[in-house]
Amino acid sequence: MLSAAVAALPFALPVAHLHGGEVTEGAIDEQIRHAITKLAHLHFPAAEPYADRVRQLGEESWRVHCCGAPGLDRLHAQATMSREALAERLELALGHPMMLATFHPETLAAADVPRQVGELAAALEALPGDLVITAPGADTAHQAR
């Protein structure tokens, strides 16, 4: 998204920014989000504290419109899968608790990711039930084990 905002700059194309002002500690997302905020013309933060942060970055109040998180609206419209159907699809027994784990490493501490993965694995091993772990994203050090 940063590339798109930068590409729009020399052509004076208006940029609308969703979710500005949010905080992501330990991740490069923070700097990227703030850079997009400074390149954007209109701001649509999800909550009032984030709108305040966008204004604190020097953006004019009339350009900031708190609108909630549009992506969450899709959750209400999307059909949900029953626990039984999920267990069948994942080939898990229903008699056990099901747990889902997703790990996003601290992108500002990439050298420390193997330790973080180890701590997560140790904590998950102590829990009873069937564990479903999502594949890693494109985070820094996503290949760590």
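Every number in this text was worked out from the coordinates using simple rules, so none of it is lab data. Since the model is a prediction, treat every value here as computed from it, not as a measurement. We place every Cβ from the backbone using ideal geometry, glycine too, and count neighbours over all the protein chains shown.
Values computed for the structure shown
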quantity	calculated
Calculated FRET value between K38 and A77, using beta carbons and R₀ = 30 Å, to 0.05	0.35
Quotient of Cα Rg and 2.2 N^0.38 Å for the chain, N being how many residues it contains	1.36
Expected 222 nm ellipticity per residue - DSSP helices of 4 or more, -39500 (n - 2.57), all of the chain, to 500	-11000 deg cm²/dmol
Exposure proxy ranking, count of Cβ atoms within 10 Å, fewest first, for E84, E22	E84, E22
Proxy reagent accessibility, fewest Cβ within 10 Å first, across H43, H17	H17, H43
Whole-Hz ³J(HN,Hα) from phi, Karplus 6.51 cos²θ - 1.76 cosθ + 1.60, for the range 44-61, glycine and proline x	10, x, 7, 8, 4, x, 6, 4, 4, 5, 4, 5, 5, 6, x, 7, 5, 4
0 to 90° range, to nearest 10: angle between helix 29-39 axis and the chain longest Cα axis	20 degrees
Interchain or long-range residues, amide H under 5 Å from A101's placed H	V132, I133, T134
Peptides 71-80, 119-128 ordered by average Cβ neighbours within 10 Å, highest first	119-128, 71-80
Residues E25 and V117, FRET efficiency given R0 of 22 Å [Cβ-Cβ distance, rounded to 0.05]	0.75
